[in-house]
Amino acid sequence: MIAIAVFLFTYALIIDERIHRAVAAMAGAAVILCAQIVPWEKVPEYLDLGTIFLLMGMMIIVNTTRKSGLFEFIAIRTAKRASGSPMRVLILFSLVTAIVSAFLDNVTTVLLLTPMLLYITKLMKLNPVPFLLAEIFASNIGGTATLIGDPPNIMIGSAAGLTFNDFLVNMGPIVVVDMVAIILLLLLIFRKSMKIEEEERVGISRTIDALDERAAIKDRSLFMKSVVTILLVVFLFFIHDKLGLEPAVVALTGAAILLLWSREPPEEILEKIEWPALFFFGGLFIVVGALVETGLISQLASFVVGHVDSTEEAMFIITWFAAFASAIVDNIPLTATLIPLISEMGQTMDVYPLWWALSLGACLGGNGTAIGASANVVVIGIAERQGINISFVEFLKVGMIVLIVSVGIGCGMLWLRYFW
């Protein structure tokens, strides 16, 4: 009863947001440990260090790389490729956002690309809302493709022992199809906002072409070292299972190489790590671990298995439940709660397809509402500071369509892959 009460109260505090979610999770963990529901010697068992260290390593790489101007360089090159066409701007920025989000944290991606996108739309005298929405959807869809693209995937990969290539093979094709479908959908919905006179387009193209992407590079030496390190880390992610290395080891190795090679002051880099996020993960793992320790998750799994006829049916339930729940609540605690449930279901059924169902629903469900994912909140916040208002209802009208279409496509592709 204590474990359930602490879990529900912690969840309520996370949803309420008046207390920082990291503080809520740490407080919940403190009660669990003080009550000795999770014995101290079992803390390492429930504290998923694979997830925490993978996030930490990637944060160090991103924070170091950011100082070189690499991301601004990419944004300007993308704008030039658009040649003043609103449709091309939407398509290219969406694709770049999706690709970058597959390998870097979604929030970092939108923090770096949104200011440039706002500058381009202002220059072109266009309504920026369609482009900002496209960027949000692309960041959440792109992050679904890889093990390191979104925190739920990191958690799922660590818990289920799934490799970087497993995610690419299973989620990669879904992301490609979803991106094509959603870009076409957005172009259809916002087609009136994409109209611009040819003479005006040529003038805008000349203005954008005058931008110098090389001037965005603040430190050429760090720029080259960052590119080489990121390529090395991505390569190691592809082969980490063959080398017998955990993804967290690859991320920390890449972080150590870049810090050693760049000679950047570690104090500056390390203080920019999102420590609240890491403590949030740690506290949450212990709170959910209490549900496992007391046997509640096992009982719940037995109940679900007893009322579900097959893995196929379970896949559809988990996909859509995770999707709509993630549109309302943070997908990280949701994923942390469902992982042990799926693990327990593995006692009586093949749960391999269910891991992909959870990844699909948890990652893409964030597109449903303005508060469904961290990237959504960040982009809307940046826009508000520029005097651009994206209301909850305005986002919901497009976001729910995107959620249903993208999750529907993904669910169909998973069914064809595993049950057809």
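Derivation of every value follows stated rules applied to the coordinates shown; laboratory data play no part. Because the structure is predicted, anything quoted here is derived from the model rather than measured. FYI the Cβ positions are ideal-geometry reconstructions off the backbone, even for glycines, and counts take in every protein chain you see.
Observations
- For the chain, the 222 nm mean residue ellipticity estimated from helices alone, with every DSSP H stretch of n ≥ 4 adding -39500 (n - 2.57) and the total spread over all residues, rounds to -25000 deg cm²/dmol.
- Mean-position separation - Cα centroids, the range 11-62 and the range 212-263, in angstrom: 28
- Centre-to-centre separation between the Cα atoms of the range 158-174 and those of the range 63-113: 24 Å.
- Under the criterion of Cα pairs below 8 Å and six or more residues apart, the relative contact order for the range 321-393 equals 39 percent.
- Dipole magnitude for the chain: computed about the Cα centre from +1 point charges on Lys and Arg Cβ and -1 point charges on Asp and Glu Cβ, it is near 1400 debye.
- Dipole magnitude for the range 278-407: computed about the Cα centre from +1 point charges on Lys and Arg Cβ and -1 point charges on Asp and Glu Cβ, it is near 420 debye.
- Prolate/oblate/rounded call for the range 202-241, Cα gyration tensor, a/c under 1.5 rounded: oblate
- C-alpha long axis of helix 70-81 to longest principal axis of the chain, angle in °: 50
- Here the residues 351, 407, ranked from fewest to most Cβ neighbours within 10 Å of their Cβ, fall in the order 351, 407.
- For the chain, with +1 on Lys and Arg beta carbons and -1 on Asp and Glu, the positive-most of 187, 167, 98 along the dipole: 187
- Dividing the mean sequence gap of close Cα pairs (under 8 Å, 6+ apart) by how many residues the range 290-418 holds gives a relative contact order of 28 percent.
- Between 0 and 90°, nearest 10: helix 331-345 axis offset from the chain longest Cα axis: 40
- Sites residue 9 and residue 189 - FRET efficiency at Förster radius 30 Å, r taken between beta-carbons, to 0.05: 0.15
- For the chain, with +1 on Lys and Arg beta carbons and -1 on Asp and Glu, the positive-most of 57, 112, 342 along the dipole: 112
- On Cα atoms only, tilt of 374-385 relative to the major axis of the chain in degrees: 40
- Sorted by Cβ neighbour density within 10 Å, fewest at the top, the residues 43, 169, 250: 169, 43, 250
- Take every Cα pair under 8 Å whose residues are at least 6 apart in sequence, average their separation, divide by the length of the chain, and the relative contact order is 25 percent.
- Computed over the chain with a Gaussian network model linking Cα atoms closer than 10 Å, the most mobile of 307, 20, 240 is 307.
- P(r) tail fraction, the range 286-404 - alpha-carbon pairs more than 16 Å apart, %: 63
- In the elastic network of the chain, a GNM with C-alpha springs shorter than 10 Å, the most mobile of 140, 153, 170 is 170.
- Across 80/272; 67/125; 122/272; 125/397, pairs whose alpha-carbon gap is larger than 26 Å: 80/272; 67/125; 122/272
- Qualifying aspartates and glutamates (Cα of each under 20 Å from Cα of residue 225; at least 8 residues distant if same chain): 72, 105, 213, 264, 267, 268
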